[in-house]
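Below: one structure, written as structure tokens.
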């Protein structure tokens, strides 16, 4: 069973550094993840194929901060179910910031290991080769070791059973983990200590009961972390909140769905953006997401549009991805389009038939996975926008909402009607 972290009891998985363990069955991946985390996270057995689904274990690994170790099924699993397990393991490759390729000490690497190393190198994923079960070859000391034949990469010999070499490996993980895997702040570089930020958080039928949604929570925490003040209001309380402030706020951040009301209520002199646009920068390549709007005026009747959401929720009412965005896009294009939806970790292998990808803000996935999805779309010739960028474009206020980030210059030249939000 995959590990599910309790909602809001730990740092969200999407901001954690993702460290994936890959290898054949019985290479000792599960025992290694237990040794690295110091907990009995994964089931360990001599029976091949014990891990049937990726297992996620979040922990704090200082000085890296919050990380998540991912134990994956064996890459040599067999049979119909085995093939599905291998596919699940390979899907993890789209999100790992650092990979550990685990082999049993004394065994020669095969095609699976060579293919993995080739993939790591092509995708520029930092990796370490870990030879586990050093206790089976006691004549060789634990620690840094020579790489296996035909398998380039820094190699460490450890024993998850005895603990030999584990602390040294943990230390090396801290050293090679990419610091650029996630941005340090959502909006901290846009505000100064003591300034006020107004957050507009609609509480409509789609809002979860009893709490704010994750992007709102993370943005609020980021404001507090930067010693600024936050005022949280619903859209119908915005005018009163602005009137009650002694000075204009440094920034107004709104749910993108409330752009029409909020843009009208906020004076042009007050910086305005949305949670989704902030997350376009925090999680993805915002330049690419903004450039994608240039494709919208060129859409034709019947063109295929992919809408991808990183979370899985039951759509109700005027769902943003199922109803509001398709309706707005067809209004702009002036014709019916063909929409396809993907949710959660599901994402199509073949993107070439789509003319546009509209992605959510990506709060539930890490930056690596969002960047990977954008890169795959780009390679297939498919322009990409995210929800906030599209909705700002649809309202004709995209330059205004990018201005607080210093990115208004990224908006591509658009036909007059499109630029006006027609």
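General observations
- Enumerated helices (runs of 4 or more DSSP H) restricted to the stretch 246-328, each holding at least 2 residues that are more than 13 Å from residue 200 (Cα to Cα) and in contact with a helix residue (DSSP H, G or I) (Cβ under 8 Å, 6 or more places away or on another chain): 275-283, 286-291
- Test result for residue 219, in contact (Cβ under 8 Å) with a residue 24 or more places away in the chain, touching a helix residue (DSSP H, G or I) at 6+ places or on another chain (Cβ under 8 Å) and closer than 21 Å to residue 13 by Cα: yes
- You will find that of 414, 391, 402, 357, the residue that is surrounded by 19 or more Cβ atoms within 10 Å (Cβ to Cβ), in contact with a helix residue (DSSP H, G or I) (Cβ under 7 Å, 6 or more places away or on another chain) and more than 17 Å from residue 272 (Cα to Cα) is 357 and no other.
- Selection status of residue 382, in a loop (DSSP other than H, G, I, E, B) and under 23 Å from residue 412 (Cα atoms): yes
- Residue within the stretch 28-42 that is modelled with pLDDT of 90 or more, farther than 26 Å from residue 171 by Cβ and in contact with a helix residue (DSSP H, G or I) (Cβ under 8 Å, 6 or more places away or on another chain) present: no
- Residue under evaluation residue 66, criteria (1) more than 15 Å from residue 112 (Cα to Cα); (2) at pLDDT 85 or above; (3) crowded, with 19+ Cβ neighbours inside 10 Å, criterion not met: (3)
- Residue satisfying condition, being within 30 Å of residue 273 (Cβ to Cβ) and either free of Cβ contacts under 8 Å to residues at least 24 places away in the same chain or part of a helix (DSSP H, G or I) (or both), within set 184, 175: 184
The values are calculated or read from the model by the stated rules, or taken from the named source; none is laboratory data. Please read all numbers here as calculations on a predicted model, not as lab measurements. All Cβ positions, even for glycine, are placed from backbone atoms using ideal geometry, and neighbour counts span all protein chains on display.
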